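Student: Here it is, the structure in full.
The values are calculated or read from the model by the stated rules, or taken from the named source; none is laboratory data. What you see is a predicted model, and the numbers here were worked out from it, not measured in a lab. FYI the Cβ positions are ideal-geometry reconstructions off the backbone, even for glycines, and counts take in every protein chain you see. With ligands, DNA and RNA removed, areas are computed over all heavy atoms of the protein, side chains included. Shrake-Rupley method; radii C 1.70, N 1.55, O 1.52, S 1.80 Å.
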Amino acid sequence: MVMPLGDMHPTRILPWVNYALIAANILVFVLQSSLPEQFTISYAATPYEITRNTDLTEPVTLAVEVEVPDAFGNVRVEEREEVLPQGPVPFPVWLTLFSSIFMHGGLAHLGGNMLYLWIFGDNVEESLGHIRYLLVYLGCGLVASLSHVAIGPDSMIPSLGASGAISGVMGMYLVWFPQNRVRVLLGRVITTMPASLVIGLWIVMQLVLGIGDLSTAGQGGGVAYAAHVGGAAAGIFFGLAFRSRAEQGGELPLQLGWASRQTRSGDPFR
């Protein structure tokens, strides 16, 4: 297990957009925790709603398969009914593609995502500029949500989480800063590894697990690997598209030291 703890390359700017995104995710999670489950289900992105542009305003009953072990360790599959407390949203249902990327399924889900955003987001924001970073972040989140919808367009299982957008941030970091050292927890040892290895291994794992889940896509809950892969692909695309800007206005990918860093203070997007 490799868990990133931080990178070794602080920024010269105050990455206030990245901080604001982290704060927004935390505040939305607090709001989720204080409201009935219907709020979370309704504002998450449900593929069935998106592909049909139809807002499900009433609870939905689904037949789900559950693995049940017996006293001898054998596992049998039972079909059970599960009620999802869907409700209306006060805006076009396709906007849940965006509202869902600020929501999380639990404290561990939130904590892991915010750790990754904290580590990798500031350098990306410095290279893109504040407003451009926000737009690209939302763009990666949108691509991630649509990727999940695409593999299970009829699914009524809602999806939520910032993982797809953060995967995009990691994809850009991979393109621009492959040699940056990242502090990681490797087993029980804290060490450093190049970003190319840390993020590269993570992307490979998402691809492998995602391919394994294709046969059951949209049939149950769990990790939305397609969203992770789609978000990372979008991030790599944006990374290549803005590579020249990153080399001119931010940290050069293969550069050591800070002496040759250039800042374009006249850029209206900063």
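Student: Within segment 141-149, is there a residue that is among the polar types (S, T, N, Q) and either within 23 Å of Ile26 (Cβ to Cβ) or open to solvent by 10 Å² or more (accessible area, probe 1.4 Å) (or both)?
Tutor: Yes, because at least one residue in segment 141-149 is among the polar types (S, T, N, Q) and either within 23 Å of Ile26 (Cβ to Cβ) or open to solvent by 10 Å² or more (accessible area, probe 1.4 Å) (or both).
Student: Identify the residue in segment 201-216 that is within 15 Å of the chain's Cα centre (by Cα) and over 16 Å from Val184 (Cβ atoms) and, among all such residues, is modelled with the lowest pLDDT.
Tutor: Among residues in segment 201-216 that are within 15 Å of the chain's Cα centre (by Cα) and over 16 Å from Val184 (Cβ atoms), the one modelled with the lowest pLDDT is Gly210.
Student: Restricting attention to segment 58-79, and to residues there that are under 28 Å from Leu110 (Cβ atoms) and open to solvent by less than 70 Å² (accessible area, probe 1.4 Å), which single residue is modelled with the highest pLDDT?
Tutor: Looking at residues that are under 28 Å from Leu110 (Cβ atoms) and open to solvent by less than 70 Å² (accessible area, probe 1.4 Å), I get Val60.
Student: Being open to solvent by 50 Å² or more (accessible area, probe 1.4 Å) and either of a type outside the set (Val, Ile, Thr) or out of contact with any helix residue (DSSP H, G or I) (no Cβ under 7 Å at 6 or more places or on another chain) (or both) is the filter here; which residues of segment 44-53 pass it?
Tutor: Tyr48, Arg52, Asn53
Student: Which condition breaks for Gly161 when tested against (1) closer than 18 Å to Asn25 by Cα; (2) part of a helix (DSSP H, G or I); (3) of a type outside the set (A, V, I, L, M, F, W, C)?
Tutor: Status for Gly161: all satisfied but (2).
Student: Also, I was wondering about something else. Quick one: in segment 217-240, which of the residues that are assigned to a helix (DSSP H, G or I) and either over 26 Å from Asp7 (Cα atoms) or among the β-branched types (Val, Ile, Thr) (or both) is modelled with the lowest pLDDT?
Tutor: That would be Ala226.
Student: So, one more: Of Arg80, Arg132, which residue is basic (Lys, Arg) and touching a Phe, Trp or Tyr at 6+ places or on another chain (Cβ under 8 Å)?
Tutor: Arg132
Student: Further question: Return the residues of segment 17-38 that are in contact (Cβ under 8 Å) with a residue 12 or more places away in the chain and in contact with a helix residue (DSSP H, G or I) (Cβ under 9 Å, 6 or more places away or on another chain); say none if nothing qualifies.
Tutor: Hits for segment 17-38 are Val17, Asn18, Leu21, Ile22, Ala24, Asn25, Ile26, Val28, Phe29, Gln32.
Student: Now for a different question. So which residues in segment 92-115 are assigned to a helix (DSSP H, G or I) and open to solvent by less than 50 Å² (accessible area, probe 1.4 Å), if there are any at all?
Tutor: Selection gives Val93, Thr96, Leu97, Ser99, Ser100, Ile101, Phe102, Leu110, Gly111, Gly112, Asn113, Met114.
Student: Restricting to segment 1-38, name every residue that is touching an Asp or Glu at 6+ places or on another chain (Cβ under 6 Å) and either open to solvent by 80 Å² or more (accessible area, probe 1.4 Å) or part of a helix (DSSP H, G or I) (or both).
Tutor: Matches in segment 1-38: Val17, Asn18.
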